[in-house]
Amino acid sequence: MAETRSTMRLALGSKPPEFSLPDPGGKIVSLEDYRSAPALLVMFICNHCPYVKHVRQELARLGREYGAKGVGMVGINSNDAESYPEDSPANMKKEIQSAGYTFPYLFDETQAVAKAYGAACTPDFFLFDKERKLVYRGQIDDSRPGNERPVTGRDLRAALDAVLAARPVSPDQKPSMGCSIKWKRGNEPDYVP
């Protein structure tokens, strides 16, 4: 299992790149839908990645707990579903049910949104505050498949709690690690090694 690190290219303080993407049922969800949320968490995830599978229960918990506090959360799957059919919208619909996701899970078929965010791996997290400035991009916690550390969501939870309490988020941010986004042939961004 090859590990890919988050590029963390999107600078702290950046505004979120726009998105308007369908969920597996065809409903369009856009950045504008979250304008009144006290925070916005954009997560690049997929169905088949062992790293996402490793944290999927925590992602579902985050959705329930922080969604109840008004935090806007959205999962985005940018993988090439033609080459990786397990990541197709039909299978995304099954994953929503199986994982218990309460947040929208959207399909970025053109991969343009992943490129705009500088996303490189699944999972890759981007947290924006009430003013929609990027305050955190990094790992959910230090647990990885096989390293025996429990999945707690510690790093991401600390950032979410800081934003909700109007406190600064720690600048000590470690990149997320996971599977590489499965780019369409010829569509690989220049930031991917």
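Go through the residues of segment 177-185 one by one and say whether even a single one is part of a loop (DSSP other than H, G, I, E, B), touching a helix residue (DSSP H, G or I) at 6+ places or on another chain (Cβ under 8 Å) and either among the polar types (S, T, N, Q) or under 20 Å from N79 (Cα atoms) (or both).
yes
Considering only segment 79-113, state which residues are in a helix (DSSP H, G or I), buried (at least 17 other Cβ atoms within 10 Å of the Cβ) and of a type in the set (A, V, I, L, M, F, W, C). Quick ask: steps written out before the conclusion?
Narrowing segment 79-113 to residues in a helix (DSSP H, G or I): 85-87, 89-99, 112-113.
The next check asks that each one be buried (at least 17 other Cβ atoms within 10 Å of the Cβ); those that pass are 87, 89, 91-92, 95-96, 99, 113.
Selection gives M92, I96, A99, V113.
Residues S6, S36, S14: which one is in contact with a Pro (Cβ under 7 Å, 6 or more places away or on another chain) and of a type in the set (S, T, N, Q)?
The conditions single out S6.
Is segment 106-117 home to any residue that is out of contact with any Asp or Glu (no Cβ under 9 Å at 6 or more places or on another chain), touching a residue at least 40 places away in the same chain (Cβ under 8 Å) and aliphatic (A, V, I, L, M)?
Within segment 106-117, none of the residues are out of contact with any Asp or Glu (no Cβ under 9 Å at 6 or more places or on another chain), touching a residue at least 40 places away in the same chain (Cβ under 8 Å) and aliphatic (A, V, I, L, M).
Regarding D155, is this residue over 18 Å from K15 (Cα atoms) and part of a helix (DSSP H, G or I)? Talk me through it step by step, then tell me what you get.
On the way: over 18 Å from K15 (Cα atoms): yes; part of a helix (DSSP H, G or I): yes.
Yes, satisfied.
Of T122, T102, which residue is at pLDDT 95 or above, of a type in the set (V, I, T), under 13 Å from W183 (Cα atoms) and out of contact with any Leu (no Cβ under 9 Å at 6 or more places or on another chain)?
T122
Kindly indicate which of D33, D23 is surrounded by fewer than 21 Cβ atoms within 10 Å (Cβ to Cβ) and either modelled with pLDDT under 95 or touching a helix residue (DSSP H, G or I) at 6+ places or on another chain (Cβ under 9 Å) (or both).
Details: D33 fails: either modelled with pLDDT under 95 or touching a helix residue (DSSP H, G or I) at 6+ places or on another chain (Cβ under 9 Å) (or both).
It is D23.
Being within 14 Å of C121 (Cα to Cα) and free of Cβ contacts under 8 Å to residues at least 24 places away in the same chain is the filter here, so list the residues in segment 145-193 that pass it.
E188, P193
With respect to G70, determine if the residue is in contact (Cβ under 8 Å) with a residue 24 or more places away in the chain, surrounded by fewer than 15 Cβ atoms within 10 Å (Cβ to Cβ), touching a Pro at 6+ places or on another chain (Cβ under 8 Å) and not acidic (D, E).
Answer is yes for this residue.
The values are calculated or read from the model by the stated rules, or taken from the named source; none is laboratory data. Only a predicted model underlies this, so the values are computations on that prediction, with no experimental measurement involved. Cβ atoms come from the backbone with ideal geometry, glycine included; neighbour counts cover every protein chain shown.
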